[in-house]
Each structure stands twice: as structure tokens, then as C-alpha cells.
Amino acid sequence: MSAPVTMRLKEFADHLGCAPSYVTKLKQAGRLVLDENGKVKVVESKALIESTRDPAKRVVSDRHAEERGAELTASAEPSQDSKIGSTYQAARAVKEKYLAMAARRDYEISIGKLLDAGEVRAALFLAVTTLRTRLESIPEEIGPPLAAIRDERQAVAMMTEAIERSLSDLAREFSSIGAPRE
């Protein structure tokens with residue numbers, strides 16, 4: 001004798017061999033397929049319940065079914081069941097991966113290996129602005145003394161020294177990025 005096409009919630013609970021409160025929870029979770037009269041569509045609901053089952057909890061439900069002496073129902077289409085299980089497991093693996101990546105990010109921030117992009121941009125902007133200002137001031141700084149020098153090597157050395165001071169300032173600015181603040 002086959003099961004009716006639709007059942008009331010209580011009848012469906014009896015059919016599954018579970019408490020009516022469990023069927024109510026399934027309904028609230030959107031894991032039942034109901035017709036326009038609010039009756040449970042048996043075949044569709046069983047398929048939906050099975051496809052949305054948490055594989056991690058299958059051991060417990062199998063144990064309870066065994067204790068009740070109920071026969072464990074196998075999926076009519078094993079490839080569909082394994083596909084659904086792998087989809088759930090894949091989603092769970094993605095979630096775990098992102099949680100691990102967030103934990104790694106937090107750790108790297110705490111040890112100073114990873115920096116906030118906004119802070120780095122601000123520090124770079126400041127460093128480059130400082131370099132530009134220093135380079136623009138070189139002609140005024142060394143221009144008059146440079147004009148008095150007749151020796152080409154001495155003039156080149158003076159310009160090199162001014163440029164080196166500017167680059168040293170830039171290097172100090174860059175090394176301060178991400179350094180602990182006192």
C-alpha cells in the first residue's frame with residue numbers, strides 16, 4: 001500500500017515516526033513542500049528533507065532510527081544524494097577556509113606582518129610628498145654655493161649629497177610604515 005499524496009502535519013509526523021513538533025520545525029525551516037491547502041506533499045517533502053539534511057548529523061539520526069527499530073531509508077537516486085552531500089560539504093569547506101583566512105589575517109596584523117591598506121596609502125602619500133618637497137628645494141638650497149664652484153667633481157658631489165639626503169629621508173619614511181607607534 002502506497003502512502004497518500006498529501007497528509008496533514010500530524011499524519012506526516014506519524015508517517016515519519018517522529019514527534020509532531022519535529023514536523024512543525026521542518027515546516028518553519030522551509031523543509032516541507034505544502035500544497036495550496038497547507039497539507040504536506042509526502043514524496044516532495046521527503047526528498048526536500050533528505051536533500052537539506054546536515055551530513056554531519058546523519059550519524060545521530062541513524063542511531064535514533066536504529067533504536068526505534070525503524071528501517072533506514074536509502075535515497076532512490078544515490079548520485080543525487082552524494083551530489084547534495086558534496087554541495088553541503090563544499091559550502092562548509094569554503095566557510096571554514098574563509099574563517100581560517102580571517103584568523104590568519106588577524107594573526108599577521110597582530111605580529112605586524114600585515115598592514116591596513118588605508119594606513120599604508122596615507123603613509124606612502126606623506127613619504128612621496130616629503131620627497132617631492134625635498135627635491136624641489138634642492139635648487140634653492142645648493143644653487144648659490146654650486147654656482148661658486150668651478151670644479152666639476154666638487155659640483156657633482158654637492159648635488160649627489162643633496163639628492164642622497166632626500167632619498168635617506170624617503171627611506172626613513174618608508175621604514176616607519178607599519179613600525180609600532182610609541
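The values are calculated or read from the model by the stated rules, or taken from the named source; none is laboratory data. These figures come from a predicted structure and were not determined experimentally. Here the Cβ positions follow ideal geometry from the backbone for every residue, glycine too, while neighbour counts run over all protein chains shown.
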Legend entry - Test for I177: is it more than 30 Å from I109 (Cα to Cα), surrounded by 11 or more Cβ atoms within 10 Å (Cβ to Cβ) and hydrophobic (A, V, I, L, M, F, W, C): no
Inset, instruction - Report those helices (runs of 4 or more DSSP H) wholly inside region 1-83 carrying at least 2 residues which are at pLDDT 90 or above and surrounded by 14 or more Cβ atoms within 10 Å (Cβ to Cβ). - result: 9-16, 20-28, 42-51
Legend entry - Conditions (1) in contact (Cβ under 8 Å) with a residue 24 or more places away in the chain; (2) of a type outside the set (D, E); (3) assigned to a helix (DSSP H, G or I); (4) loosely packed, with under 11 Cβ neighbours inside 10 Å; number of the one not met by G112: (3)
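Within region 91-100, is even one residue modelled with pLDDT under 85 and surrounded by 12 or more Cβ atoms within 10 Å (Cβ to Cβ)?
At the first step, the residues of region 91-100 found to be modelled with pLDDT under 85 are 91.
Among the residues that remain, those that are also surrounded by 12 or more Cβ atoms within 10 Å (Cβ to Cβ) are: none.
So far as region 91-100 goes, no, none of its residues is modelled with pLDDT under 85 and surrounded by 12 or more Cβ atoms within 10 Å (Cβ to Cβ).
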Legend entry - When residues of region 120-153 are limited to those that are more than 19 Å from S168 (Cβ to Cβ) and in contact (Cβ under 8 Å) with a residue 12 or more places away in the chain, the one surrounded by the most Cβ atoms within 10 Å (Cβ to Cβ): L146
Inset, instruction - Scan region 2-61 for residues that are touching a helix residue (DSSP H, G or I) at 6+ places or on another chain (Cβ under 6 Å) and either among the basic types (K, R) or under 29 Å from A91 (Cα atoms) (or both) and jot them down. - result: K10, V23, R31, L32, V33, V40, S51, P55
